[in-house]
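Take a look at the structure set out below.
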Amino acid sequence: MANSDNRRQPKYQQIADALKEAVRTGEYAPGDRLPGENDLMATYEVARMTARQALGVLQSEGIAEARKGVGVFVRVFQPLRRQGIKRLSAGQWGSGRSIWSADIAERVLVVDQVNVAESTAPARVAEVLGVDPARPVCVRSRRFVLDGKPVLLSNSYLPVDLVARSAITEEDTGPGGTYARLAELGHKPVHFREEIRSRMPSQDEADRLRLSAGTPVMLICRTAFAEDGRAVEVNEMTLDSASYVLEYDFDA
């Protein structure tokens, strides 16, 4: 039955499955170049488009990445396990640690393309924050690069009246980050809500995250609430889906 099912698969999928099995068994190690289109055409007696589609499957699943003018290689980057609950605990940022430290261990994280400014927020964000959409909010935009690979774009929106003249309006917010500073200002986050969805990236997102063709992004919108129920931050994040495993570990 398995062989019959396999024969019903499109040819490009059969080739992709064979390549994935070769990666799984170690025939091709991280960083190794995979057979090119010409190689696959000769080996499987298929058209160039079929060979291209097969390689595209591995790229879209985050197993391989294309290097322009060189070929398609087994991906070296190890996906980041994002611990959605642990990273947001008060014991994490409240003790001066970055929420990222719960995820990255000894890996190297660089934050670049940082911009902090006052600007109007999208209507959906203004509504959650309870601010006039015509009035500016504090917007913190940045890109997170892990082990040399861009993995996340982030735009945080905070009410100006809460954060004016604080370190939150600076590029470096200090130990514990934005949430630690909000706590010092009397607006400690006590509850978080995250909404997750996915889509294909815009060209700008694909460029900034250096995404392989066909790779979708995950969108996480996190809202932080203070004890009085007020939303004190909305953070809209765009993640390279091939770079992440989302983990939520909690008691029943």
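Observations, loosely collected:
- Search result, residues across the range 225-248 that are out of contact with any helix residue (DSSP H, G or I) (no Cβ under 9 Å at 6 or more places or on another chain) and among the hydrophobic types (A, V, I, L, M, F, W, C): PHE225, MET237, VAL245, LEU246
One line per residue, one yes/no per condition, for (1) within 21 Å of SER241 (Cβ to Cβ); (2) touching a strand residue (DSSP E or B) at 6+ places or on another chain (Cβ under 7 Å); (3) assigned to a loop (DSSP other than H, G, I, E, B); (4) in contact (Cβ under 8 Å) with a residue 12 or more places away in the chain:
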| position | (1), (2), (3), (4) |
| --- | --- |
| LEU40 | no, no, no, yes |
| ALA51 | no, no, no, yes |
| VAL57 | yes, no, no, yes |
| GLY62 | yes, no, yes, yes |
| VAL72 | yes, yes, no, yes |
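- Qualifying residue in the range 95-108 (condition: in contact with a Gly (Cβ under 9 Å, 6 or more places away or on another chain), modelled with pLDDT of 85 or more, open to solvent by 60 Å² or more (accessible area, probe 1.4 Å) and not charged (D, E, K, R)): yes
- Restricting attention to the range 222-252 and to residues that are of a type in the set (Ser, Thr, Tyr) and not in a strand (DSSP E or B), the residue that is modelled with the highest pLDDT turns out to be SER241.
- In the range 196-226, the residues that are open to solvent by 50 Å² or more (accessible area, probe 1.4 Å), of a type outside the set (Gly, Ala, Ser) and over 19 Å from GLU127 (Cα atoms): ARG197, ARG199, MET200, GLN203, ASP204, ASP207, ARG208, ARG210
- Restricted to the range 112-134, and to residues there that are under 22 Å from GLU184 (Cβ atoms) and in contact with an Asp or Glu (Cβ under 9 Å, 6 or more places away or on another chain), the residue that is surrounded by the fewest Cβ atoms within 10 Å (Cβ to Cβ) is VAL114.
Yes or no, residue by residue, for (1) surrounded by 15 or more Cβ atoms within 10 Å (Cβ to Cβ); (2) more than 22 Å from PRO136 (Cα to Cα):
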| position | (1), (2) |
| --- | --- |
| ALA167 | yes, no |
| GLU170 | no, no |
| ARG181 | yes, no |
| GLU194 | yes, yes |
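- Residue check for GLY84: surrounded by 18 or more Cβ atoms within 10 Å (Cβ to Cβ) and either under 21 Å from ILE196 (Cα atoms) or out of contact with any Pro (no Cβ under 9 Å at 6 or more places or on another chain) (or both): yes
Yes/no matrix, rows are residues, columns are (1) in contact (Cβ under 8 Å) with a residue 60 or more places away in the chain; (2) within 30 Å of GLY71 (Cβ to Cβ):
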residue	(1), (2)
LEU185	no, no
GLU194	yes, no
GLY214	yes, yes
ILE220	no, no
GLY229	no, no
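The values are calculated or read from the model by the stated rules, or taken from the named source; none is laboratory data. Just so it is clear, the structure is predicted and the values come from calculations on it, not from any experiment. Positions of Cβ are backbone-derived with ideal geometry, glycine not excepted, and every protein chain shown enters the neighbour counts. Please note that ligands, DNA and RNA were not included when accessible areas were found on the heavy atoms of the full protein model with its side chains. Shrake-Rupley method; radii C 1.70, N 1.55, O 1.52, S 1.80 Å.
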